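Participant: One structure, pasted below without further comment.
Only the coordinates and a few stated rules stand behind these numbers; no lab work does. These numbers come from a predicted model, not from an experiment. Using ideal geometry, Cβ is built from the backbone for each residue, glycine included, and neighbour counts are taken over all protein chains shown.
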Amino acid sequence: MKVAKHTFDAVIVGAGGAGLRAALQLSEAGLKTAVLTKVFPTRSHTVAAQGGVAASLGNSTEDNWHWHMYDTVKGSDWLGDQDAIEFMVKKANEVVVELEHYGMPFDRTDNGKIYQRPFGGHSQNYGQTPVSRSCAAADRTGHAMLHALYQRNVRANTQFFVEWMAMDLIRNADGDVLGVTAMEMETGEVSIFHAKATIFATGGAGRIYYSSTNAFINTGDGVGMAARAGIPLEDMEFWQFHPTGVAGAGVLITEGVRGEGGILRNASGERFMERYAPNLKDLASRDVVSRSMVTEINEGRGCGSEKDHVLLDITHLSPETINKRLPGIREISIQFAGVDPIKAPIPVVPTCHYQMGGIPTNYKGQVVVPKDGNSNVPVAGFYAAGECACASVHGANRLGTNSLLDLLVFGKAAGETVVNDFRSGQLTLKPLPENAADVSLARIARLETQTNGEDVHEVRLAMQRTMQKHAGVFRFADILKEGVTKILEVAERAKTTQIKDKSKVWNTARTEALELDNLIEVAKATMISAEARKESRGAHVRDDAIDCAETPNGRDDKNWLKHTLWYSEGNRLDYKPVNLQPLSPDVEPIALAKRTY
Amino acid sequence: MSSKRTVQFKIYRYDPDKDDKPYMQDISVELEESDKKLLDALVRLKAKDDTLSFRRSCREGVCGSDAMNINGKNGLACLTAMENLAQPITIRPLPGLPVIRDVIVDMTQFFKQYHSIKPYLVNNDPAPERERLQSPEDREELNGLYECILCACCSTSCPSFWWNPDKFVGPAGLLAAYRFLADTRDQATSERLDNLEDPYRLFRCHSIMNCVDVCPKGLNPTKAIGKIKDMMVRRAV
């Protein structure tokens with residue numbers, strides 16, 4: 001097969017929030033940039049974010065970045081790197097105000113400022129009372145943000161390659177990254193994108209689970225590509241189960257509903273969060289709320305004929321508030337739960353939502369790997385931002401609204417780093433290895449010729465059911481162990497996937513088979529990292545981790561205050577220290593403590 | 001009611017790699033209890049026959065990928081309830097745009113029109129340190145405009161867009177144009193109106209209102225177009 005070659009200063013893979021924010025930095029600096037995206041930019045999953053983006057603007061309640069930093073570190077169960085967290089929360093006001101200047105239609109306070117609402121785990125005065133920190137455009141913040149970012153890129157003349165699927169990372173013998181191979185979906189042709197800098201902004205892989213709030217496209221493409229190319233994946237055992245997915249459908253109901261006063265109730269109508277989080281109640285951190293809900297269900301206090309969900313109640317809010325602040329939720333609830341939330345509560349269950357781990361980066365957006373005894377050596381030419389990256393600001397549990405903040409801050413930071421490295425002459429176009437596209441061509445050729453193979457749909461389903469059963473909200477030592485065996489079996493099956501569709505044109509069967517290769521890397525990383533981590537921390541909670549003075553909530557700081565690194569080759573695990581030191585010498589580290597809400 | 005049921009489809013099929021011309025395929029699929037929306041049924045069909053091609057992503061009506069013509073009317077597969085559809089359920093690509101394969105259309109012309117209205121805020125004052133202020137009432141003017149998901153259901157149901165897709169901006173693009181005209185922070189009002197002052201770009205809208213009828217987000221492009229026309233008239237007098 002003939003392989004075309006395109007040469008750019010930089011190639012960005014993904015056009016969600018992080019990719020578009022990075023692209024803006026590069027386009028406005030005049031770098032010749034290609035943005036590859038497998039869907040039209042405004043179809044990226046950032047569009048589905050609802051409740052808001054965190055910034056300590058203090059528009060309706062007093063706030064400052066120190067409190068935001070404390071909440072984020074505590075939310076991460078101290079697994080987040082404090083330098084990156086300080087960097088993010090300090091940049092929050094700047095990147096949110098920028099978006100407003102780009103035209104984002106934020107809701108407004110009476111005095112015309114950006115409207116802010118309370119959100120889970122965000123507090124005033126180091127955990128004392130809820131704070132209004134979430135900057136919102138009704139309950140369509142992600143949509144408003146993604147469109148504003150796309151529109152700004154139209155203004156900046158960013159060059160998009162729409163409906164191109166990146167396939168594999170290209171590295172040379174030194175491990176430097178030289179670009180990617182990608183397939184144009186309309187023609188099925190494979191091209192090489194050769195660049196001085198490659199930024200991954202490919203989002204998460206929530207589709208490894210059977211029940212997920214995530215879009216079909218969230219298949220961890222960048223994470224899978226990086227893993228196959230020898231880059232380790234960080235902290236992949238940490239997955240966020242959002243407390244409020246619509247029972248049965250999985251569609252997201254924003255935490256902003258609880259921010260506006262919504263209450264979770266069990267079968268007897270009890271506001272059960274008062275028992276689990278006496279202080280922040282329904283606005284405790286997501287991992288805490290999800291576990292409380294599952295506990296209610298497991299102990300027989302679930303709702304409905306199957307007692308398999310709880311209820312999210314906003315019937316006490318005025319219809320005006322619901323229509324003004326939560327119009328999208330009302331729409332979703334009517335569409336997917338058959339319930340008008342003005343009149344009746346919404347049935348909800350914890351649903352896989354967000355990948356805390358990912359491609360290891362520093363706070364500048366550079367991808368970093370262990371080398372010669374140093375845990376964080378930048379990979380020349382390789383950058384990552386957003387959900388596919390692990391900076392790590394979310395650690396073991398992300399706070400709501402910190403994901404939109406993450407993609408803005410680190411999308412911009414990655415873009416700025418590339419521009420600086422470009423201008424200082426550090427970035428050069430290194431020669432491509434011979435046959436740089438061979439791996440990708442071989443993958444396509446295998447799908448062309450595979451016989452007696454496995455059905456893509458069936459293998460994906462087997463993976464999703466395995467992940468759901470063996471690495472869910474609560475985890476058990478024996479079930480995790482069994483999960484490792486099972487997921488490796490599924491991974492074997494994925495090596496011989498077979499498709500019936502042999503067309504070159506818009507072959508979605510082939511796209512799904514290629515996506516499955518990426519999902520499988522993520523699923524293996526998750527199960528193996530989770531089985532190995534013998535403690536409870538944030539979203540990773542095991543039955544064999546004991547809550548005592550030595551290990552509060554089962555968290556074992558003596559042995560496990562460290563980041564996991566999983567290598568695809570040989571399923572090898574390695575670890576690196578958590579950075580407990582903030583970026584600025586005059587900022588006090590947030591000291592380890594037992595996490596309660 | 002039994003949990004499983006079989007549903008009949010008539011689907012537009014065309015693979016330029018092997019088909020001389022498009023054809024309508026009769027096909028049925030057995031659905032599970034949980035298959036409530038048309039998209040669920042199409043995903044179920046695709047598991048049976050992986051050659052069936054359609055775009056889809058968020059499955060909750062916010063990304064705008066899975067617009068198609070369903071029993072003669074444009075809509076999003078993920079928001080269309082199966083129980084309301086008469087059988088055989090006839091699925092065709094959005095009308096008026098070139099078909100690439102099956103129900104996947106080439107949306108180049110649609111996005112070209114969207115881009116032609118300069119879909120971004122123009123404000124040449126030096127950026128203040130904090131947000132530009134906007135009253136809640138002024139912000140409310142953007143409701144019903146900014147929520148557009150660019151699915152193209154409206155423009156591809158509009159006869160004026162079918163006849164002049166290269167000259168008429170179409171309902172989606174005009175809704176976006178008014179979204180910026182209505183924004184108190186935007187300073188390009190007269191340029192935006194100049195850009196639309198043309199027998200085709202704006203004035204080909206004859207208020208047929210198909211756009212309003214099909215919009216899956218319940219938006220009203222005709223009303224927005226009317227407001228642009230009012231602004232044109234007002235600045236002329």
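Participant: Relative to the first principal axis of the alpha-carbon coordinates of chain A, what is the inclination of helix A:17-28, with its axis defined by its Cα atoms, in degrees from 0 to 90 and to the nearest 10?
Facilitator: It works out to around 50 degrees.
Participant: Which entries in the list A:196/A:412; B:10/B:36; A:364/B:112; B:4/B:46; B:118/B:229 go over 27 Å, if you measure between the two C-alpha atoms of each? Spell out each step's value before the answer.
Facilitator: On the way: A:196/A:412 18 Å; B:10/B:36 19 Å; A:364/B:112 35 Å; B:4/B:46 18 Å; B:118/B:229 18 Å.
A:364/B:112, as the Cα separations exceed 27 Å there.
Participant: Please give the Cα centre distance for the range A:1-54 versus the range B:149-228, rounded to the nearest Å.
Facilitator: Rounded to whole Å, the Cα centres lie 27 Å apart.
Participant: Once amide H atoms are built 1.01 Å from N in the peptide plane, which residues 5 or more positions from residue A:575, or in another chain, come under 5 Å H to H?
Facilitator: The list, which skips near neighbours in sequence, is A:565.
Participant: Ok, one more. Excluding same-chain residues fewer than 8 positions from residue A:481, which lysines have a Cα within less than 20 Å of its Cα?
Facilitator: Straight-line reach from residue A:481, under 20 Å: A:469, A:524, A:534.
Participant: What are the residues whose amide H is under 5 Å from the amide H of residue A:369, where those residues sit 5 or more places off or on another chain and H is modelled from the backbone?
Facilitator: A:377, A:379
Participant: Between residue B:100 and residues 5 or more places away or on another chain, which pairs have amide H atoms under 5 Å apart, with H built 1.01 Å from N, and which residues are they?
Facilitator: Under 5 Å from the amide H of residue B:100 lie the amide H atoms of B:105, B:106, each far enough along the sequence or on another chain.
Participant: Taking K and R as +1 and D and E as -1, what net charge do the other residues with C-beta under 15 Å from the C-beta of residue A:435 add up to? Mind showing how you got there, number by number?
Facilitator: On the way: positive: A:2, A:5, A:171, A:443; negative: A:168, A:434, A:438.
Here the count lands on +1.
Participant: Rounded to the nearest 500, what is chain B's calculated 222 nm mean residue ellipticity when only DSSP H runs of at least 4 contribute -39500 (n - 2.57) each, over all residues? Numbers along the way, then the final one.
Facilitator: Details: 8 runs with 71 residues, N = 237.
Value at 222 nm, helices only: -8500 deg cm²/dmol.
Participant: Helix A:456-470 versus the longest principal axis of chain A: what is the Cα-based angle in degrees, 0 to 90, to the nearest 10?
Facilitator: 40 degrees
Participant: Treat the count of other C-beta atoms within 10 Å as a stand-in for reagent exposure and order A:449, A:181 from fewest to most. List each step's numbers first, then the result.
Facilitator: On the way: A:449 10, A:181 23.
Fewest to most other Cβ atoms nearby, the residues stand as A:449, A:181.
Participant: Let me ask something else about it. Would you mind giving the three semi-axes, in whole Å and largest first, of the ellipsoid equivalent to the range A:30-140 according to its Cα gyration tensor? Could the numbers behind the result be given before it?
Facilitator: Working: eigenvalues 131, 75, 37 Å².
Gyration-tensor ellipsoid for the range A:30-140: 26, 19, 14 Å.
Participant: Let me ask you something else. Taking the convex hull of the alpha carbon atoms in the range A:424-472, what volume per residue do you get, in Å³? It would help to have the intermediate numbers written out before the result.
Facilitator: Numbers: hull volume 7.9 nm³, N = 49.
It is 161 Å³ per residue.
Participant: A follow-up question, please. May I ask for the distance between the Cα centers of the range B:54-97 and the range A:373-445, given as a whole number of Å?
Facilitator: 37 Å
Participant: Related question: Taking the beta-carbon count within 10 Å as an exposure proxy, list A:21, A:275, A:108 from fewest neighbours to most. Provide the component values of the computation, followed by the final result.
Facilitator: Details: A:21 30, A:275 12, A:108 21.
Fewest-to-most Cβ neighbours within 10 Å comes out as A:275, A:108, A:21.
Participant: Cα axis of helix A:82-102 to longest principal axis of chain A: angle in degrees, 0 to 90, nearest 10?
Facilitator: 90 degrees
Participant: When A:474, B:110, A:200, A:238 are ordered from fewest to most other Cβ atoms inside 10 Å of their Cβ, what list results? It would help to have the intermediate numbers written out before the result.
Facilitator: Details: A:474 15, B:110 24, A:200 35, A:238 31.
Lowest count first: A:474, B:110, A:238, A:200.
Participant: For the range B:29-93, what is the convex hull volume of its Cα atoms per residue in Å³? Please list the in-between numbers first.
Facilitator: Numbers: hull volume 5.7 nm³, N = 65.
Here the figure is 87 Å³ per residue.
Participant: Let me ask something else. Below 14 angstrom from the Cβ of residue A:416, what's the summed charge of the other residues (Lys, Arg +1; Asp, Glu -1)? Don't jump to the answer; show the numbers that get you there.
Facilitator: On the way: positive: A:21, A:91, A:364, A:412, A:423; negative: A:28, A:94, A:98, A:421.
After counting each charged neighbour, the total is +1.
Participant: Charges at C-beta only: +1 for Lys and Arg, -1 for Asp and Glu. How large is the resulting dipole of the range B:79-131 about its Cα centre, in Debye rounded to 20? Write down the numbers at each step before the final one.
Facilitator: Working: 5 positive and 6 negative charges, 53 e Å.
Charge dipole, the range B:79-131, about its Cα centre: 260 debye, nearest 20.
Participant: For the range B:1-124, what is the percent of antiparallel DSSP beta bridges, rounded to the nearest 5?
Facilitator: Details: 18 of 21 bridges.
Percentage antiparallel, nearest 5: 85.
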